[in-house]
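First comes the structure, then the notes that go with it.
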Amino acid sequence: MANNEATGTARTLPLATWLSAGSLLIVFAALTIMAAASGIIVNRFAQRQALARSEVAVSTARDYFRRLGESSLGVARTFADNATLNRQLGEPLNPLTFNIYLRSYCEAVRATACAIINSTELVAASDDAQPWSEIIRAHHEQGERMALAPRGGGPALIGAAATLSARPEFSVLLVEALDGMVLAEAGRQAGATVRAVNISSYRAPDDDPMTPVHAAALSAHGRVAAHVPALDSYVASTLMLNAAGEPVALVDALLAGSEFDRTAARYRHVVVLITLVVAVLAALAGLLAARWLAAPVVRLADMARRIGQGDFSPAVPAAVPRELDSLAHAMDEMRQNLIELTDRLRRREAEAQAVLNGVVEGVFVTDEQRVISYANSQFLRMLHRDASAVIGKFCGDVLHPKLSAAERPCERNCPILQARSQGAARCVELLRLSDGATLSTVVVSAAPNEGRQVQLLRDETDLEAARRARDSVLGNISHEFRTPLAAQLAAVELLRAGLHDMQPAEQSQLLANVERGVLRLMRLIDNLLESVRIEAGQLAIRRQLVDLDTPVREAVELLRPLFEQQQLAVAIELAALTGARVPGDEQRLQQVFVNLLANAIKHAPAGSTIRIGGEREPASVQLWVEDEGPGIPTGDSSLLFERFRRGEHSEPDSPGLGLGLWIVRSIIERHAGSVSTVRTAQARTRFVITLPLTPPEPGGAA
């Protein structure tokens, strides 16, 4: 019989395996090898194409710069023949009007800068920031067309010079910087991203992925192409020389590697698709052969599907050959086992359904002795425990409800016991965690089901904290409004009592007290209203160019009575920001400085000076307000800008709701800026605001 079984098994294998799965695996393996080899070849070809295109792109960019120099020469000659220019140079020059004339002409011809020279001397220039001495020297060395790399840094320059037709002692210089729109136009013509690196200020940083390419281009004195994985790009770099043969800039052309990757990916997709189609065809052929040779297997498969769908009523019929008959008996035994297993699963269905309905909150199941037999992940996270420390333990020893030391946990008022007699129970428990913290919870217990009970545990700690925070804020608001109102009422009563016999100086003093109280109330109300607008998302920022000197000085004048009351001086040092204008909302920026100055007044000692200063950077401006107070607390200084946050040095009765700095940060962030605080070397507390000089991109903070 063993020999017959072996023979039957040998006959079964060719039908079920070699004709279906075997043929499919062989075809699929062969096609996979072919697809992998083709993919490697295509990737190499795509890389060679990408390197060649990057070389063409960098050559095109360099030619564009040469044509730009020729175009600048034509513009310079046209300008040299300009009658207005010749007339103005024949008259006594007015530097102001002549510089404006040069600047407007440069803008009209889209040149970076223009200048008029007399031999080696600069007569006038549209932009004094350019290295004109180097440009003039390059003109004398290179002639009408010139190119140079400024030693002081910045972009490389291309220029042209022309002698005035009517006044040959003067020459016109036009300069184009290799940055911004020039590089963008070069990139458009080259079909790549183009960069130009000033060779005079180039230092080959180690962390720059382009450094090896630049080193190869400098050593080869020619064009170099390579793949830079760190940039996901194919790049080419070449040296740009001036007429005297001196290197001026490293010109880079970058092509995104994703473009070539997509080409290779499309080919791979086609190969994969062909592989799948052929594999499916092979699978269908094997399947047809298997169905023709193994019809009994099909019948057993149909019976297996019926069992899988829950139809356990019919018995599995016998089958031929013997191996399939053994399989039929095994399937019938499986059917009997599934009937028993289904009965057990149905008994647990109610418990599983209750657990699924309560997964949002902590869920745990207890037995008749109130020992935990199941706990979901949320329950474990609430108690900061793992499953091994919970399962099999008495629920009172796990939850640790806060009771007197003489009581055993869950000895009285247990919701699990109450649910057994009442059908359901609910109670509020204050639990003690393993780290000593407390957790305010609501426990809901269901009626027992076959000796097991399901409990829901809801965490209300944050809700309780929110209630306490609400009560604290309402108390602070009441206190903040009552104090200045009481002071104003007292001042008004004194004025009424002494209206006819009080000295003018005394009346002015009382009116100043009333004014300070009204100012304080207005500031509190403004901060409260502003916080409501911010929370509701209604803080709209108007976009206009703002001279920062205006909101600063208006804020100082608004708080002048408080400065005088505290005997504080104000020093405004904004000379570095002359002419600097930022896009934003002048009224909101004024509110920022009002809040910062009010904060400084609160902490600055009497007789000290509050300083307001600023400085300008290439793309942004920085302003700061600093005082001589005790300083910021140690730790994370960003906590000062949280809502309802008050300083550690504040007295319990000191004014303020802790909204001012939070509003400052909200307004500045909607201007695409940032705010921070530092302690200066002079032991002063400085709040620094950084604002961009250009408008934020669309879709930014509004």
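Structural remarks
- Cα lying deepest toward the dipole's positive end in the range 30-271, options C106, L164, T263, charges on Cβ: T263
- Computed E for A389/L338 - FRET, C-beta separation, R0 30 angstrom, nearest 0.05: 0.25
- Residue order for C114, C106, fewest other beta carbons within 10 angstrom first, comes to C106, C114.
- Rounded if a/c under 1.5, otherwise prolate or oblate - the range 100-197, Cα gyration tensor axes: prolate
- Ranked for footprinting exposure by Cβ neighbours inside 10 Å, fewest first, I339, I391, I610 give I339, I391, I610.
- Taken as Cα centroids, the range 126-158 and the range 49-113 sit 13 Å apart, rounded to the nearest whole angstrom.
- When each of W624, W132 is scored by the number of other beta-carbon atoms lying within 10 Å, the sequence from fewest to most is W132, W624.
- Around V58: net Lys/Arg minus Asp/Glu count, Cβ-Cβ under 11 Å: +1
A short reminder: the numbers here are calculations on the coordinates, not readings from a lab. Predicted, not measured: the structure shown is a model, and the values here were computed from it. Cβ: placed from backbone, ideal geometry, glycine included. Neighbour counts: every protein chain shown.
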